[in-house]
Amino acid sequence: MIQNCHCGFQKSFSECCEIFIKGTEKAPTAEKLMRSRYSAYVVQAADYLVNTTHISTRKYHSKEDILNWSKSNQWIKLEVLNTTENSVEFKAYFLDSNLIAQIHHEKSTFKKEKDCWFYVDGKFF
Ligand SMILES: [Zn+2]
């Protein structure tokens, strides 16, 4: 039996998001980048989250904040609701530091530069 990746795909983490997080391959689509960024929160890969944030908005996302947020929550699952070429709407389910169930609902915007997808910003619901 295959353990699903953190992002929900029916593939192991090592065959799915870890390929992108390790830098073996570049995420080919905005959705795959978004999924790998969710998995990066699960495994606390803060450098990957910083490096895949577009340079225009990177200053708003410090490594320390990312690490704190990824550590203080228990990530339950990701649900991708809608995707276009450069946007992904999703819900991330997690328990916060008080073990309260939370849903982070966001429509993220992405930009491709020199064959690399970057997270630009998001609209929160
Ligand atoms: Zn994955």
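The values are calculated or read from the model by the stated rules, or taken from the named source; none is laboratory data. From a predicted model like this one, the values you see are computed outputs, not experimental measurements. Backbone-built Cβ (ideal geometry, glycine too); neighbour counts: all protein chains shown. Side chains are part of the model used for accessible areas, which takes the heavy atoms of the whole protein and leaves out ligands, DNA and RNA. Shrake-Rupley method; radii C 1.70, N 1.55, O 1.52, S 1.80 Å.
What to note about this one:
- Across region 33-106, C-alpha contacts under 8 Å between residues 6 or more apart give a mean separation that, scaled by the residue count, equals a relative contact order of 23 percent.
- Exposure of residue 19 as accessible area (Å², to 10), given a probe of 1.4 Å and all protein chains: 40 Å²
- Charged side chains reduced to their Cβ positions (Lys and Arg at +1, Asp and Glu at -1) give the chain a dipole of some 120 debye around its Cα centre.
- Set of aspartates and glutamates near residue 123 by C-alpha distance (under 13 Å), chain-local residues within fewer than 8 positions excluded: 89, 106
- When a 1.4 Å probe is rolled over the protein heavy atoms, the share of accessible surface on the chain that falls to carbon and sulfur comes to 50 percent.
- Taking the inverse of the mean 1/r over every pair of distinct Cα atoms in region 59-99 gives a Kirkwood hydrodynamic radius of 11.9 Å.
- On full extension, the segment bounded by residue 60 and residue 14 gains 13.6 nm, given 0.36 nm per residue less the C-alpha separation.
- Relative contact order computed over the chain (Cα-Cα under 8 Å; 6+ residues apart), in percent: 21 percent
- Applying a threshold of 19 Å to the alpha-carbon distances of 32/71; 71/112; 32/77; 11/32; 32/111; 77/111 flags 32/71; 71/112; 77/111 as lying beyond it.
- Long-range Cα-Cα pairs in the chain (distance over 17 Å), rounded percent: 56 percent
- In the full protein context, region 13-124 carries 57 Å² of accessible surface per residue, based on a 1.4 Å probe and ignoring ligands, DNA and RNA.
- For region 75-125, the equivalent ellipsoid built from the Cα gyration tensor has semi-axes of 25, 11, 9 Å, listed from largest to smallest.
- Modelled this way, with points 7 Å down the Cα-to-C-beta line, the labels at residue 51 and residue 79 are 3.3 nm from one another.
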